[in-house]
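Input: a single structure, listed below in structure tokens.
Since every read-out is calculated from the coordinates, none of them should be taken as a lab result. In this text the structure is predicted, and so the values were computed from the model without any measurement. So basically every Cβ, Gly included, is an ideal-geometry build from the backbone, and we count neighbours across all protein chains shown.
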Amino acid sequence: MIRDERELLALVLRLQRAERDERGFYADHSLPEYTAVDELDLTDSEAARFLTLSLVPFHAHPSGQPKPQIGRGGFWRVCKNLWQQHQWVYDPTQLVATEGKQELEAFFDRLRIMDAYDAHWWFRSAVTLYERFGGDPEGLLRQADYVGPHAARLVRGADLPGIADAVSTPFWVRLMHDRVASLAGMTWVSLPVDHTLFAVTAALGDLDIDIDVREDRATIQTFWDVFCEKHGFVPYRVEKSLRVVGLYWHRGGREYVASLLDDYR
């Protein structure tokens, strides 16, 4: 699809501008996690708890299979409904000090989209937030002096399963930066290569690669790290613009990218 680095550079620049200005494809397509949190009209503290704990169910499935086929947008709608109807699961203080793990397990067992790990990891994360950060992810941001890379290191050093890994942590930092509090040092927070970013990269380059091959995944991560540094891009901004077209690749994303390339050529 893309013939050389100059074309990729031109495409990334156009995608970033369009995403920032919410025009073109981005006028009608956005990240479902942002849609959910904006529709809930949360305070910063509420948004931090909602976004942090909602990330837990996106962990890699132990069987190697994807999570239940509800789709990313559908999953965030489920999280939005959880907040509206069962807000206690998003309150680490109430969850740990009052309700307890068994109550959470029984509740999650009734939700078909959850697997056996979700309640366990969710509760462990809630305990960490309760015991180390005052029951609020904003407490973690304060301990990190609102510096993105410092927050990432704190997360990875804490018992926050489903959040503290190479993909979820930079994703979480970006969410905190965009919807909770402006963080310094975002240039140094890597772009998270998950299934969506891997797939859209493979499509853009017509690459014969497999995300289950560790070397292929490392190659894509290294490519974007080098590309962003070489051209002075802030990784999370590149990620956001690519993620939107990737999420909707077969529903207009591919055609949108092709039209931008045609204009450039």
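Please turn the phi angles of the range 44-53 into ³J(HN,Hα) values with the Karplus equation 6.51 cos²θ - 1.76 cosθ + 1.60 (θ = phi - 60°), one per residue in order, whole Hz, x for glycine and proline.
For the range 44-53, the Karplus curve yields 4, 5, 5, 4, 4, 5, 4, 5, 5, 6 Hz.
Please report the Cα spread of the range 32-188 along all three principal axes, rounded to whole Å, starting with the longest.
Principal axes ranked by extent give 40, 32, 32 Å for the Cα atoms.
For the chain, how many pairs of lysine residues have a Cα-Cα distance under 30 Å, where the two are 8 or more positions apart or belong to different chains?
Total qualifying Lys-Lys pairs in the chain comes to 6.
Using label points projected 7 Å from each Cα along Cα→Cβ, tell me how many nm separate ASP21 and GLU7, to one decimal.
2.4 nm
Can you compute the radius of gyration and Dmax for the range 112-237, using only the Cα atoms, both in Å?
Here Rg and the maximum Cα pair distance are 16.0, 47 Å.
Can you pull out the trypsin sites (Lys or Arg not before Pro) in the range 147-250 whose DSSP state is coil and whose Cβ has at most 13 other Cβ atoms within 10 Å?
Sites meeting the loop and neighbour criteria: none at all.
I'd like the orientation of helix 72-85 relative to the chain: the angle between its Cα long axis and the longest Cα principal axis, in ° from 0 to 90, rounded to 10.
30 degrees
Search the structure for amide H atoms under 5 Å from the amide H of ALA184, placed 1.01 Å from N in the peptide plane, and list their residues when 5 or more places away or on another chain.
Residues meeting the criterion, in which the H sits 1.01 Å from N, are VAL147, GLY148.
Tell me the relative contact order for the range 200-253 as a rounded percent, counting alpha carbon contacts under 8 Å between residues six or more apart.
29 percent
How much length would be gained if the chain were fully extended between ASP159 and TYR34, taking 0.36 nm per residue of separation minus their Cα-Cα distance, in nm to one decimal?
Fully extending the segment from ASP159 to TYR34 adds 42.5 nm.
Could you work out the helix-only [θ] at 222 nm for the chain, with each DSSP H run of four or more residues adding -39,500 (n - 2.57) and the total divided by the number of residues, to the nearest 500 deg cm²/dmol?
Calculated at 222 nm, the ellipticity per residue is -19000 deg cm²/dmol.
Tell me, what ³J(HN,Hα) does each residue in the range 249-255 have, in order and in whole Hz, if you take phi through Karplus 6.51 cos²θ - 1.76 cosθ + 1.60 with θ = phi - 60° and put x for Gly and Pro?
4, 8, 10, x, x, 5, 5
Is the shape of the range 191-265 rounded, prolate or oblate, going by the alpha carbon gyration tensor and its root eigenvalues a ≥ b ≥ c, with a/c under 1.5 for rounded and a/b larger than b/c for prolate?
Oblate.
Enumerate the whole-percent occupancy of each 5 Å bin, from 0 to the last occupied one, for all C-alpha pair distances of the chain.
Spelled out bin by bin, the chain gives 1, 6, 12, 17, 19, 17, 13, 8, 5, 2, 1, 0, 0 percent.
Relative to the present Cα-Cα distance, how much length would full extension add between ALA181 and THR93 at 0.36 nm per residue of separation?
Answer, rounded to one decimal: 29.5 nm.
When only Cα pairs under 8 Å and 6 or more residues apart are kept, what is the percent relative contact order across the chain?
About 23 percent, as a whole number.
What are the GluC sites (Glu not before Pro) within the range 12-44 that DSSP puts in a loop, where the Cβ has at most 15 other Cβ atoms within 10 Å?
Here the sparse-neighbourhood loop sites are GLU22.
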